[in-house]
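Working notes, structure below.
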Amino acid sequence: MLTELSCREFAQELASKKPIPGGGGAAALTAALGVALNTMVANYSIGKKKFMDCREQHEELIARGEALREKFVDLVNKDAEYFEPLSRAYVMPSNTDEEKKLKEQVLQKCLKEACSAPMETLVCTYEAILLHKGIQYISSNNIISDVGVGVQFLKAALNSAYLNVLINLNSIIDEDYVTKQKAEAVKLVSEGIIIADEVYNMVLKTING
């Protein structure tokens, strides 16, 4: 599996001409790193004298962050798993009307499956961004920069997953499906970016004094 590769090996595979990993997997991995930083900050802050009253909040952040990190890592593989059949569908023969019909049917099925992984990444990334909201108030200023780095990773993952959703939706002919998925994606991205920017600006304000 892709997630069993070393960082160096993954980057090498990503740079190659191979169809996987691609942008969807890279987005999920970026999100995993972003939420991991949030969990690190919570782990570092929990039990500190200054934040003794925040243990419950820290524990919740850690539990939710760890669950999301595992989900994102799974999505790296899921994205690749769903893209492979799609890449095969694109090269199916289409010389006769029957072949064209079959190819289109397979393509449409594969496109929806391929769309589901980045859509799931989008949903989970939005949730991960919400974890960053307010954490700067219950963490040490010594590591406040990691909150900003984490939320920037998640903002990048949000935008990246959105692009992967759109590229698949553009080839899907089921208008109801496209309309529903696009509306949800736009809402998650627009709201997620606002929150991510608010957190980042608060981090900047804290660092700059």
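What follows draws every value from the coordinates through simple rules; no lab data is involved. This structure is a prediction, so every number in the text was calculated from the model and none was measured. Cβ coordinates were reconstructed from backbone atoms using ideal geometry, including for glycine residues, and neighbour counts include every protein chain displayed.
For the chain, the residue among Val203, Gly134, Val165 whose Cα projects farthest onto the positive side of the dipole built from Cβ charges is Val203. Which distance in Å, rounded to a whole number, links the C-alpha centroids of region 134-179 and region 190-209? Each part's Cα centre sits 14 Å from the other's.
Among residues other than Lys71 with Cβ under 13 Å from its Cβ, the summed charge is -3 (Lys and Arg +1, Asp and Glu -1).
Helix-only arithmetic for the chain: the sum of -39500 (n - 2.57) across DSSP H runs with n ≥ 4, divided by the residue total, places the mean residue ellipticity at 222 nm at -28000 deg cm²/dmol. A Förster radius of 41 Å combined with the Cβ-Cβ distance from Val106 to Asp197 puts the calculated FRET efficiency at roughly 0.50.
For the chain, the longest principal axis of the alpha carbon atoms and the long axis of helix 23-45 meet at an angle near 20°. Is the chain rounded, prolate or oblate when judged by the Cα gyration tensor, a ≥ b ≥ c being the square roots of its eigenvalues, rounded requiring a/c under 1.5 and prolate requiring a/b larger than b/c? In terms of gyration-tensor shape, prolate. For Gly24, the shell of other residues with beta-carbons less than 15 Å away shows a net charge of -3, using +1 for Lys and Arg and -1 for Asp and Glu. Taking a straight Cα-Cα cut-off under 27 Å and skipping sequence neighbours fewer than 8 places away in the same chain, the lysines within cross-link reach of Lys71 are Lys17, Lys18, Lys109, Lys112, Lys133, Lys155, Lys180, Lys182, Lys187. Could you tell me how many degrees, from 0 to 90 and to the nearest 10, lie between the Cα long axis of helix 97-132 and the main elongation axis, the longest principal axis, of the Cα atoms of the chain? Tilt of helix 97-132: around 0 degrees.
Taking Lys and Arg as +1 and Asp and Glu as -1, the other residues whose beta-carbon sits under 12 Å from that of Leu204 total -1.
Note that region 80-86 has calculated 3J(HN,Hα) couplings of 5, 4, 7, 6, 4, x, 5 Hz, one per residue in order, obtained from phi through the Karplus relation 6.51 cos²θ - 1.76 cosθ + 1.60 (θ = phi - 60°); glycine and proline are x.
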